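Here is the structure we will look at, set down as structure tokens.
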Amino acid sequence: RPPRSTPKPSSAASDVYKRQDFAARSTMGEVRLSAFAGRWVLLFCHPVDFTPVCTSEFVALAQEQDKFAEMDVQLLGLSVDSVYSHMGWIEWIETKFNPSVNFPVIEDVSMDIARPDRHLSDSQSCAG
């Protein structure tokens, strides 16, 4: 059960938005991290679309997105696949598993977003 009142992020958290800011294409248009300053953001990364584990985790988050919204937490998905792949994957998920996906999924084909946050090192492969 979510708490009745979710505390706002600290000013130190707001500094992260400034240091790690990015703008990128997503399934819901351009997303800029700094646009969410003052809110909690759950940026979750998955290696590639259409894989069984990534799909099950994505479905679970989509099914709980209303609970995250009640706590003023913005969900943002991220992977190295293109926005077009994300849109096809979301359509497949909504058809097969029936959740409505109402949060952006960001493309990071160049891995410019994932690398600065140390999600991926130069030696790691997103598909491996």
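Could you grab me the full set of residues in the stretch 66-101 that are among the acidic types (Asp, Glu) and more than 24 Å from Arg115 (Cβ to Cβ)?
Asp66, Glu70, Asp72, Glu91, Glu94
Inside the stretch 35-73, can you point out the residues that are hydroxyl-bearing (Ser, Thr, Tyr) and within 14 Å of the chain's Cα centre (by Cα)?
Thr55
Restricting the stretch 105-117 to residues that are open to solvent by 10 Å² or more (accessible area, probe 1.4 Å) and closer than 25 Å to Ala60 by Cα, which is modelled with the highest pLDDT?
For the stretch 105-117, the residue satisfying everything is Glu107.
The values are calculated or read from the model by the stated rules, or taken from the named source; none is laboratory data. Values in this document were obtained by computation on a predicted structure and should not be read as measured data. Cβ: placed from backbone, ideal geometry, glycine included. Neighbour counts: every protein chain shown. Please note that ligands, DNA and RNA were not included when accessible areas were found on the heavy atoms of the full protein model with its side chains. Shrake-Rupley method; radii C 1.70, N 1.55, O 1.52, S 1.80 Å.
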